[in-house]
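A short write-up of the structure that comes next.
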Amino acid sequence: MIMKAIVCPKYGSPDVLQLQEVAKPAPQDDEVLIRIYAASINARDWRFLRAKPFFIRLMPGGLLRPKNPILGVDTAGRVEAVGSNVRQFKPGDEVFGYLPTATSRGTFAEYVCAKENLITLKPANLTFEQAAAVPLAAMTALQGLRDNGNIQPGQKVLINGASGGVGTFAVQIAKAFGAEVTAVCSTRNLDMVRSIGADHVIDYKVEDFTQNGQQYDLILAVNGYHPISDYLRALSPEGIYVVAGGSMVQLFQAALQRRRASKTGSQRKHVVSLVQNQNDLIFMKELLESGKVIPIIDGCYPLRKTPEAFWYFEKEHPKGKVVITMD
Ligand SMILES: NC(=O)c1ccc[n+]([C@@H]2O[C@H](COP(=O)([O-])OP(=O)(O)OC[C@H]3O[C@@H](n4cnc5c(N)ncnc54)[C@H](OP(=O)(O)O)[C@@H]3O)[C@@H](O)[C@H]2O)c1
């Protein structure tokens, strides 16, 4: 049995991606076979395509070429078959999930197999395209704000990089936790981040939030670069600074200084390291079904146009997520 998939035979630009026919996977006893209806692109997929930073090749990626040539970790689809030990799902169930490539084959394909604890039922009010936009980005935002940031109602929270995949979820999740949210993004996205609930917006092209004298209880740095000293100036004395992404310099600075005491009080610093967690996926399902969080989708591309979708992702600063749909 065969299926169509986007194959990445070597590291490079999106032009190396090829639509190919490959073997359709068969589920192990503890796996479900999912017929994928939609997947979405994350910065992680782009890093695995470009092998950036280089150490991706040394860890999960593969030294000379991708070890797992089918990229993609987010999925939404319908269960087609289940292994004999699967208890939570049955054929026909609509599901979504984050499938790290260490345990799965990649979701830019018509089918994928997944262990049952990596997925959950799709929110009833979402399309497959919307559901596929959720897992990695939303769980990163949730774990960054709640687990690393200890977000509390009434706190002043700043999200830097608020208009992208992680940022649009972070703004809405922070609002759902009862925070007063300041969103930092570029001019063209100010109205969009206001529309998803940001109380205050800062255009990073005209104002530097680290220089305006304001202080926040929690800062989630999703994108952009500021030295850690700038972030700490914008943080209240007891505040928490959490880095999810941005430049490599920023990530290394935060990781190195994580345990160093701050000069200004008991400020804390964390780097988000996304942990696959079915409970968090269920938590997100409930937030989505309550209408408190709505996935923001910049555009949908059919599977065969995945290279164009990656070019768009790389060059255009997407508003929210870029989704791949199966033909
Ligand atoms: N630690 C983890 O476990 C984890 C998990 C997921 C993602 N990440 C990382 O998080 C980062 C963001 O991921 P993503 O999926 O949200 O990416 P994305 O969708 O590509 O985010 C791009 C967004 O960042 C904004 N941006 C760009 N330059 C900025 C600047 N100088 N200041 C403020 N905002 C800026 C852009 O906004 P404008 O268009 O308005 O400029 C754009 O909307 C990536 O580095 C990714 O690797 C880490």
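Tabulated values for the structure
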| quantity | calculated |
| --- | --- |
| Cα centre as origin, Lys/Arg/Asp/Glu Cβ charges: segment 218-327 dipole, Debye | 520 |
| Sequence-separation-based contact order of segment 92-188, relative, with Cα cut under 8 Å and 6+ spacing, percent | 22 |
| Positive dipole terminus of the chain, leading residue within Ala138, Ser247, Ser236 (C-beta point charges) | Ser247 |
| Cross-link reach list, lysines versus Lys305, counting only Cα pairs under 24 Å and skipping chain neighbours closer than eight places | Lys4, Lys10, Lys24, Lys52, Lys67, Lys315, Lys319, Lys321 |
| Over the chain, volume per residue of the alpha carbon convex hull, in Å³ | 125 |
| Amide H within-cut-off set for Gln155, under 5 Å, with H built and near neighbours excluded | Glu180 |
| Rounded to 5, the percent of DSSP beta bridges in the chain classed as antiparallel | 55 |
| For the chain, size of Cβ-based charge dipole, Lys and Arg +1, Asp and Glu -1, in debye | 860 |
| Estimated distance in nm for a label pair at Ala26 and Lys315, the labels positioned 7 Å out from Cα along Cα-to-Cβ | 4.4 |
| Residue-wise HN-Hα coupling along segment 313-327, computed from phi with Karplus coefficients 6.51, -1.76, 1.60 (Hz; x: Gly, Pro) | 4, 6, 9, 10, 6, x, 7, x, 10, 10, 10, 10, 10, 7, 5 |
| Directionally averaged projected area (convex hull, Cα atoms, segment 1-99), nm² | 6.8 |
| Solvent exposure of the chain as accessible area per residue, Å², 1.4 Å probe | 43 |
| Cα-centre dipole for segment 106-260 with unit charges at Cβ (Lys and Arg positive, Asp and Glu negative), debye to 20 | 300 |
| For segment 199-327: relative contact order, % (alpha-carbon pairs under 8 angstrom, 6 or more apart) | 16 |
| Rg [Å, one decimal], Dmax [Å, integer] - segment 109-198, C-alpha atoms | 14.6, 44 |
| Values of log10 I(q)/I(0), in the order q = 0.11, 0.23 Å⁻¹, for segment 176-259 under a Debye, Cα-only, solvent-free model | -0.30, -1.27 |
| Order by protection proxy (mean Cβ within 10 Å, highest first), peptides 180-186, 234-240 | 180-186, 234-240 |
| Kirkwood estimate for segment 42-90, i.e. one over the average of 1/r between Cα atoms, Å | 13.0 |
| Selected from Ile56, Ile41, Ala76, residue furthest toward positive end of dipole (segment 29-99; charges at beta carbon) | Ile56 |
| Segment 285-327 versus segment 61-96: alpha-carbon centroid distance in Å | 19 |
| Fluctuation leader among Leu49, Leu281, Leu63 - the chain, Gaussian network, Cα springs under 10 angstrom | Leu63 |
| Degrees between helix 165-176 axis and first principal axis of the chain (Cα, 0 to 90, nearest 10) | 60 |
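The values are calculated or read from the model by the stated rules, or taken from the named source; none is laboratory data. Bear in mind the structure is a predicted one, so any value in this text is a computation, not a measurement. Glycine also receives a Cβ, built like all others from the backbone with ideal geometry; neighbour counts cover every protein chain displayed. When the accessible area is computed, the model is the full protein with side chains, heavy atoms only, and any ligands, DNA or RNA have been set aside. Shrake-Rupley method; radii C 1.70, N 1.55, O 1.52, S 1.80 Å.
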